[in-house]
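Take a look at the structure set out below.
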Amino acid sequence: MNEQLKHDLINLEHLLETVKLQGLDFLGQLSERPTSTKPNDQVNTTLNEIGIGGLEALKIFNEKFEKIIVGSSGPRYWGFVTGGSTPASLIGDWLTSIYDQNTQSTKGQGDISAIIEIETIKLLLDLFNLPNDFVGGFVTGATLSNFTCLAAARQWIGKEKGIDVAKNGISGNINILSATPHSSSIKSLSMLGIGSNNFIKIKVEEGNRECMDIEDLENKTKELNGEPFILISSAGTVNTTDYDDFKAITKLKEKHNFWWHIDGAFGAFAVCSPKHKHLMTCWENADSITLDCHKWLNVPYESAVFLLKEKHKLLQTETFQNPNAAYLGNLLDNFSYLNFLPENSRRLKALPVWFSLLAYGKKGYQDIVENSIEMANRLGQCIEISTGFELLAPVRLNNVCFTLKGEENQNKVSAFLTNLNDTEKVFMTPTVYNGKKGIRASFVNWRTTKQDIDIAINEMNKLATTE
Ligand SMILES: *Cc1c(COP(=O)(O)O)cnc(C)c1O
């Protein structure tokens, strides 16, 4: 055995103990960690010949990088839609690395990791109060989940026209309808060979909304003259957390032939709260659903789930099978994740989710979701009564979309946000909403408290009065 490896193996306990203490140190002061830094982007380009061992590598890492790692998993990182990690999800994540399973088949080499994944999907269905006729799996993020679902949808539309797209490629037009799709769905259209320009935009409802105008959807559906199409709908747009009307879409599905996809990356978590679950009424009628776990479920990156109706399992398997690998066996009899999603080899992605779900249950997630919504509303109220800021849209759930008050201040929004983020106390991201430059604060982290809102508002007001 190589000398460095032998040395590290003998000292494994000390190595892991050192890392554990460092981790505790980091997590213990996470809320004081700067939410942004200006990293020195000089990168090392030479690798030493004989290696330095784990402990020395840790030392170099600490000197070079540790100090500038930002508290993006902490309570005041409100950019994008950024979750944190619950304690139990860390248990699962550590064990995932320790066991180092390759999660593929339930029957393969007695690998139970696929069974854990299947069980975790079932637990998620229970959390979301979804029926048992959904199957699913884990991918790296909602982007890949949208891709996976839309790939199955593409196969479905091909079949409707007598083409096996997975085998023979796309021929002819694939009709996609959507109102306010997340950018990753559009990116998926380009990855799928459909083309990011090739979707029909449905009007949004009037009155400062991002959800689709159902009448316009119906009109555009009629214009297709019965041709099958794919509908990409939103359960939570990123700017204003607006929801498409799933009840109305369910009704349309009785009359028209389409594949219904819901991107519910974070917004679907509204069902965890009795007060807000009405937003998701009828979503169980969708053909496929995207859910992110590294956002509101608060497990470490990279974790997301795709769900699709069990009746579509064959379409899914046709799309993601490894066509030339005879040893993989009969596709449906011999279920393997290998033939069910984009990646072949995968770590046991489900385990952090499994742990977190068991540890905190439905009540835990109801509390996390309701706390985030409360925090968003609190920030929203502070903005409404402020002299320097105004909301660009009402706070519908957990996202706050606002800007500097007054048309004349539009040209100051970018500089204000830069200055705010430079305080390193809070982090938000820019957006454009209804033609106006704005700022987004998104709440999904389980650690955020009222004190964090106070800290942020204080920094915002300080900057607004000095400008
Ligand atoms: C975050 C997000 C995505 C993309 O998710 P990743 O996990 O970053 O890949 C897709 N759709 C919606 C609605 C999102 O909020």
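Only Cα sites of segment 102-176 enter the Debye sum here, all with the same form factor; the resulting log10 I(q)/I(0) across q = 0.18, 0.23 1/Å is -0.91, -1.04, listed in q order. Using a 7 Å offset from Cα along Cα-Cβ at T387, what residues in segment 404-431 end up with backbone N under 18 Å from the label point? Only 404-409 fall inside the zone, counting backbone N under 18 Å.
Place a +1 charge on the Cβ of each Lys and Arg in segment 49-104 and a -1 charge on the Cβ of each Asp and Glu, then give the dipole magnitude about the Cα centre in debye, rounded to the nearest 20. Write down the numbers at each step before the final one.
Numbers: 4 positive and 6 negative charges, 64 e Å.
Roughly 300 debye, rounded to the nearest 20.
With the charge dipole of the chain set up from +1 on Lys and Arg Cβ and -1 on Asp and Glu Cβ about the Cα centre, the Cα lying farthest toward the positive end among the listed residues S31, M460, N197 is that of N197. Sorted ascending by nearby beta carbons within 10 Å, beginning with the fewest, Y365, Y360, Y301, Y243 become Y301, Y360, Y365, Y243.
Multiplying the sequence separation of I115 and L224 by 0.36 nm and subtracting their Cα-Cα distance, what value in nm do you get? Working shown, then result.
Details: separation 109, 0.36 × 109 = 39.24 nm, distance 4.24 nm.
Roughly 35.0 nm would be gained on extension.
Legend: ranking of residues D164, D244 from fewest to most surrounding C-beta atoms inside 10 Å; resulting order D164, D244.
With a simple spin-label model that places each label point 7 Å from the Cα along the Cα-to-Cβ direction, the separation between A359 and N344 comes to 3.4 nm. For segment 159-304, what class follows from the C-alpha gyration tensor (a ≥ b ≥ c being the square roots of its eigenvalues): rounded when a/c is under 1.5, otherwise prolate if a/b is larger than b/c, else oblate? Oblate shape, in that a/c is at least 1.5 and b/c is the bigger or equal ratio.
Figure the gain on full extension for N208 and K462 (residue separation times 0.36 nm, minus the Cα-Cα span) and round it to one decimal in nm.
Working: separation 254, 0.36 × 254 = 91.44 nm, distance 2.96 nm.
Going from the current span to full extension adds 88.5 nm.
Among L391, V369, N324, whose Cα sits farthest toward the positive end of the charge dipole of segment 250-396 (+1 at Cβ of Lys/Arg, -1 at Cβ of Asp/Glu, about the Cα centre)? Final value for the positive-end residue is V369. Provide the percentage of antiparallel DSSP beta bridges, counting only those with both residues in segment 181-290; round to the nearest 5. Taking every DSSP beta bridge with both residues in segment 181-290, the antiparallel ones total about 20 percent.
In a Debye calculation with equal point scatterers on the alpha-carbon sites of the chain and no solvent, what is log10 I(q)/I(0) at q = 0.14 Å⁻¹? Once normalised to I(0) and log-transformed, intensities are -1.40.
Computed over the chain, relative contact order equals 22 percent, with contacts defined as Cα pairs under 8 Å that lie 6+ residues apart.
When DSSP assigns beta bridges and you keep just the ones with both residues in segment 238-358, what percent turn out antiparallel, to the nearest 5? It would help to have the intermediate numbers written out before the result.
Working: 5 of 8 bridges.
Antiparallel bridges: around 60 percent, rounded to the nearest 5.
Dipole magnitude for segment 397-439: about 100 debye, using +1 per Lys or Arg Cβ and -1 per Asp or Glu Cβ, origin at the Cα centre. For segment 243-289, the residue among S273, H261, I289 whose Cα projects farthest onto the positive side of the dipole built from Cβ charges is S273.
Can you tell me the FRET efficiency between S190 and E63 if r is taken as the Cβ-Cβ distance and R0 is 51 Å, rounded to the nearest 0.05?
Details: r = 41 Å, r/R0 = 0.80.
About 0.80, to the nearest 0.05.
Legend: helices of the chain (whole DSSP H runs) are marked when their alpha-carbon atoms reach 15 angstrom or more along the helix axis and their mean Kyte-Doolittle hydropathy is at least -0.5; marked are 12-28, 53-64, 87-99, 113-127, 142-160, 350-384, 450-466.
Remark: spin-label model distance N173-K255 equals 2.1 nm, labels positioned 7 Å along the Cα→Cβ axis.
Taking Cβ atoms as reference points and 11 Å as the exclusive limit, the residues near D263 contribute a net charge of -2, counting Lys and Arg as +1 and Asp and Glu as -1.
Here the chain is assigned +1 on the Cβ of each Lys and Arg and -1 on the Cβ of each Asp and Glu. Its dipole about the Cα centre then comes out at about 520 debye. Taking a ≥ b ≥ c as the square roots of the eigenvalues of the alpha carbon gyration tensor, segment 25-114 is oblate, as a/c is not under 1.5 and a/b does not beat b/c. The length gained by stretching the chain between Q451 and D25 to full extension, at 0.36 nm per residue less their Cα-Cα distance, is 151.2 nm. Taking every DSSP helix (H) stretch of at least 4 residues in the chain, weighting each as -39,500 (n - 2.57) and dividing the sum by the residue count yields a mean residue ellipticity at 222 nm of -13000 deg cm²/dmol. Among E49, E318, sorting on how many other beta-carbon atoms sit within 10 Å of each Cβ, with the fewest leading, yields E49, E318.
If you count, for each residue, the other Cβ atoms within 10 Å and average over each peptide, how do 395-403, 98-106, 33-41, 209-217 line up from highest to lowest? Walk me through the numbers on the way to the answer.
Details: 395-403: 26.2, 98-106: 17.0, 33-41: 13.9, 209-217: 19.3.
Ranked from most to least packed, the peptides come out as 395-403, 209-217, 98-106, 33-41.
Taking segment 46-77 and a reference point 7 angstrom along Cα→Cβ of Q4, the backbone N atoms nearer than 20 Å belong to 46-66.
Each value in this text was obtained by applying a stated rule to the coordinates, not by laboratory testing. All values derive from a computational prediction rather than experimental measurement. Glycine gets a Cβ as well: all are built from the backbone with ideal geometry, and neighbour counts include every protein chain shown.
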